[in-house]
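The values are calculated or read from the model by the stated rules, or taken from the named source; none is laboratory data. Remember, predicted model here, so these are calculated numbers, not experimental data. Every residue, glycine as well, gets a Cβ built from its backbone with ideal geometry; the counts of neighbours run over all protein chains shown. Surface accessibility is based on the protein's heavy atoms, side chains included, excluding ligands, DNA and RNA. Shrake-Rupley method; radii C 1.70, N 1.55, O 1.52, S 1.80 Å.
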Amino acid sequence: MLLLLFVTFLAALVDAGAALQIQCFQCEEMKHNDCSTPEFIVNCTVNVQDMCQKEVLVKPDGIHYRKSCASSGACLIASSGYQQFCTGRVNSVCISCCNTPLCNGPKRKRPVPSAAPAAHPRPTRLLLTVLLLPLTLLT
C-alpha cells in the first residue's frame, strides 16, 4: 500500500511539472498573421504566464496582430474589458486567451474523424499503469 501511494505521488509530481510552462507565439503589430512561424515561439515564464494571448486590431491600413504570453488573470480581464470594442470594424480590438501550447497561432483545421487508433497515452500514465498492474493482480 505504501508503494502504491509513493508511485501515485511521484506520478502526480511528474505530471504537474510538465504542465507548468507553456509556449506561445510572440510578436508586436504584425500584419497578415505572419508571426505564427517557429522564430516567433517563446517559452513563457514558468508558474506566472500560463496562457497565450492574441490581439487582433483593425486599423485603416489593415489587420494587425499582437501575440504574447500572459497570466490568466491579466488576459481574462483584458479580453472581457475589450469585448465591447470587438466589432470587426476599423479601430476594433479583439483579445482572446487560450491555455494550450501555441494556441495563439493560426486556427488549425479540424482532423477528420477516422478509425485510426487513439493517441499513445502519456509516458507517466503508461509508467503508472505498468507499475500498478502487478499490485492489482496481487490483491
Q. So for 76, 57, 102, what's the accessible-area order with a 1.4 Å probe, most first?
A. 76, 102, 57
Q) What is the sum of charges around residue 27, taking Lys and Arg as +1, Asp and Glu as -1, for the other residues whose C-beta is under 15 Å from the C-beta of residue 27? A) -1
(Q) Suppose each label sits 7 Å from its Cα in the direction of the beta carbon; what would the residue 37-residue 85 distance come out to in nanometres? (A) 3.0
